[in-house]
1. Just to verify a result, which residue in the stretch 588-633, among those that are modelled with pLDDT of 95 or more and of a type in the set (Phe, Trp, Tyr), is surrounded by the most Cβ atoms within 10 Å (Cβ to Cβ)?
2. Need pairs with beta-carbon distance below 8 Å; first residue acidic (Asp, Glu) and within the stretch 169-196, second at pLDDT below 95; sequence gap 6+ or separate chains.
3. Kindly establish whether residue 228 is at pLDDT 95 or above and within 21 Å of residue 119 (Cβ to Cβ).
4. For the stretch 708-771, which fully contained strands (runs of 3 or more DSSP E) count at least 2 residues that are open to solvent by 10 Å² or more (accessible area, probe 1.4 Å) and under 18 Å from residue 661 (Cα atoms)?
5. Residue under question is residue 683, and the condition is that it be more than 25 Å from residue 79 (Cα to Cα), out of contact with any Asp or Glu (no Cβ under 6 Å at 6 or more places or on another chain) and surrounded by fewer than 17 Cβ atoms within 10 Å (Cβ to Cβ); does it hold?
6. So which pairs qualify, if the first residue must be in the stretch 463-477 and of a type in the set (Ser, Thr, Tyr), the second must be part of a strand (DSSP E or B), the Cβ gap must be under 6 Å, and the two must be at least 6 apart or on different chains?
7. Could you look through the stretch 481-515, keep only residues that are among the small types (Gly, Ala, Ser) and over 15 Å from residue 391 (Cβ atoms), and pick out the one that is nearest to the chain's Cα centre (by Cα)?
8. Suppose we keep only residues that are closer than 15 Å to residue 269 by Cα and of a type in the set (Asp, Glu) within the stretch 303-340. Which one would you say is nearest to the chain's Cα centre (by Cα)?
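The values are calculated or read from the model by the stated rules, or taken from the named source; none is laboratory data. What you see is a predicted model; the values in this text were computed from it and never measured. A quick note on method: Cβ atoms are made from the backbone with ideal geometry, for glycine too, and the neighbour counts reach across all protein chains shown. For accessibility, only protein heavy atoms count, side chains too; no ligands or nucleic acids. Shrake-Rupley method; radii C 1.70, N 1.55, O 1.52, S 1.80 Å.
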Amino acid sequence: MRIITRLVTVLVAGSFSLGTWAQSTVLEEVIVTAQKREQLAKDVGIAITTYSGNQMDALGLESSTELIAYTPGVSLAGDIGGQRAIFNIRGVVQNDYADLAEAPVAVYVDGGYLASTQAQTFALYDIERVEILKGPQGTLFGRNATGGLVNTITAKPTEEFEGYAELTAASFGQVRLEAAVGGSLSDRARGRFSVMTNQQDEIYTNVYSGSDFTGDPGTPGGGEDTYNDNTFAVRGQLELDINDKTSILFIANFADTEKSEGPYQVTSTTEVRRANGEPIDVILSIDDPMNCDIIQAGACIDGNGDGSVTRPVVGGDFWGNTDPDGSGRRVNKDFAFDDQNQIESQSLSAEVNYQGDNVLFTSITDFKNFTRVIGLDSDQTARSALIFQSDGDTDQFSQEFRFSGASDRLTWVTGLYYLKINTDFIQGLAESAVGTDDFALIGQEANTITELDTDSISVFGQVDYALNDELTVVGGLRVTQENKDFDGIVSFFPNTDDRRIETTGFLFSIDQLTADNDETLWSGKLQLEYSPSDDSLYYFGVNRGVKAGSFNAPLFGGLSPYNEEVLWSYEVGGKLTLADGKAQLNVSIYHYDYQDYQSFSFRNNSSAVTNEDASYTGLEVELFANPTEWLDVQFGVSYIDAEVEGLQIASDIFADTTPPFTPEWQFSGLARYNWDAFNGNLAAQVNASWKSEFFFSASNFTAHEFDSSYTADASVTWSDSDNEWNIVGFVENFTDERDSIIGFDVSGFYGTSQESFTKPRTIGVMLRRRF
């Protein structure tokens with residue numbers, strides 16, 4: 001910290017008079033393909049937030065989900081202590097961690113859909129831009145884009161030779177290297193090669209001593225430090241000009257990540273039940289003056305069968321285990337290994353473009369494979385209780401044929417899309433053979449074994465017709481035929497290895513389901529756009545979005561189908577260029593009417609998606625300004641009033657609840673000031689975001705609410721006069737906030753909840769060389 005402070009002081013003190021080198025970071029005009037054609041973002045009648053590669057460099061973004069902090073109306077959900085993070089756009093989220101589930105926010109990379117929610121968390125390297133589209137996008141992007149779309153476009157091969165190398169060194173032993181090189185290979189061939197590697201040591205120190213509070217031993221060999229990262233990713237591209245009208249682009253991707261057991265910490269919570277044993281609330285244990293294991297009908301009851309109805313330690317779990325320092329950087333858990341979780345992805349795509357006289361034909365062929373092996377200490381303490389494990393393997397293939405064209409008044413696009421997904425997914429809970437038989441699983445594991453095959457084919461089209469120079473009407477329709485085949489069984493097996501899920505030595509089964517789900521789905525759009533000048537655009541649209549139904553595959557049984565969800569969206573918005581081009585203001589107001597909203601609930605190691613109706617109303621405002629050539633300002637605010645209607649809390653209790661991970665208010669801001677110095681340019685930047693309180697569970701129980709939170713970052717960048725060299729000193733989360741971001745309630749099993757927290761303050765330096 002002292003070194004960075006001195007560096008900043010010297011650079012500021014030695015700066016020269018202001019010159020003319022500075023350029024705007026936030027007001028960059030970004031070309032987007034939100035409507036399957038190239039347009040300026042300000043000319044698209046969709047609430048869209050875009051980030052160019054230069055803007056993401058300035059913000060210091062390294063992961064896909066880090067964009068969330070700067071995007072109004074977008075928040076974070078996920079699991080595995082944040083190792084899997086997914087987008088929640090305008091309260092539209094389904095936090096089902098099973099690999100069978102597809103998210104209601106579609107994520108695309110270079111025109112290819114990412115079916116696996118695990119794949120939504122990926123490293124950002126050598127990126128041209130990212131587009132975040134809000135509201136249903138099913139007309140052009142398919143049946144699982146009810147909430148919106150995150151569209152990532154990587155940097156493509158160029159005619160000129162170019163590249164860069166970037167090295168980052170930061171707190172917790174982080175070393176990140178990113179590089180790319182590309183250019184012409186011949187008169188008709190271009191290529192680009194990109195690579196990224198990130199190594200980060202463990203952030204959390206594990207104080208596990210070999211046994212829990214009662215003296216019982218835990219998982220052999222465990223107790224290692226956690227919260228690390230070891231990622232390697234590589235991308236290769238080859239673009240060929242077949243002739244003057246036809247080109248083909250091949251893209252190959254590979255990424256491999258190794259991480260520790262999920263970086264959760266433990267919070268002591270108490271389940272409140274009514275007389276028949278049904279949970280109706282969960283509270284923080286420190287708020288229970290009786291110190292009960294579980295509260296039932298106002299009295300304490302035994303939660304773990306030890307004969308005592310109260311906890312050995314105030315603020316502990318059923319056995320007396322506590323978190324060493326609350327939200328600090330110390331943990332105490334037995335099942336903790338620094339190389340437990342493995343995630344791998346690979347893809348190959350080919351995009352063909354043929355430019356006819358009046359028609360552009362595009363074909364995108366895409367294959368992807370995702371595999372993951374996950375292990376998690378279910379109780380997050382030193383107790384050898386239950387171990388959660390899951391293995392997933394997803395193969396997907398898609399083929400899109402698209403035709404587009406334009407005339408004086410008409411712009412159109414139409415196409416055919418095919419998607420096939422095969423997912424093999426296993427998840428289970430195991431109790432170690434050296435455990436204490438707290439759950440009658442000693443030496444066994446209960447595994448849910450499933451396979452889901454999805455075949456989906458759709459036809460789509462959209463037309464923009466200019467009624468006159470100022471008014472345009474937009475209409476679109478997509479019809480999809482989708483067939484799902486599901487096969488699932490819940491079986492018990494011997495547990496001979498705590499670190500892997502096992503399916504040999506079958507003992508018995510408790511649930512089985514073989515079923516299919518064949519649906520005809522449709523999405524539509526009707527919108528009127530008014531553009532009285534080149535500096536203003538107003539739009540009013542009605543959209544119908546749809547997310548296909550699927551199947552529940554929870555732990556301990558309950559295999560079952562759930563229905564498609566339908567979203568009707570009504571939105572009005574405006575995009576204004578102000579102050580002679582020095583500011584851009586974007587405003588949108590929307591109302592969502594949900595039918596059969598897919599609500600995901602998790603409680604006590606059991607989960608399910610159910611269908612309820614819901615309604616949302618919201619407002620978003622974004623301002624990007626360059627008031628002087630030296631100052632950039634960005635501000636965003638969003639408000640949402642969201643309600644899920646009639647969620648079943650108990651057998652005869654239904655409640656209107658707030659969807660999880662949906663704060664009512666969000667604010668974000670950025671200020672960046674440039675001045676000439678040392679034969680180059682200096683830029684000082686501060687950015688911050690704040691969100692109001694939110695629930696991590698659909699049930700909205702008392703202890704499920706996380707407090708409001710904020711985070712703030714700062715950086716100083718020096719660039720030479722040619723912008724070839726960049727040196728950045730940065731501090732992320734400089735106030736070292738430790739706020740809860742993801743949680744899972746297991747109060748009825750252990751008397752605790754799992755929580756993950758924002759990453760501690762991180763200090764670093766980045767060096768980049770462009771050529």
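1. 592
2. Between residues of the stretch 169-196 that are acidic (Asp, Glu) and residues that are at pLDDT below 95, the close pairs are 178/125; 178/126.
3. yes
4. Answer list for the stretch 708-771: 709-720, 740-746, 752-757.
5. Taking the combined requirement at face value, the residue does not satisfy it.
6. From the stretch 463-477, the pairs are 465/410; 465/473; 472/464; 472/466; 472/529.
7. The residue in question is 515.
8. Only one residue fits best here, namely 323.
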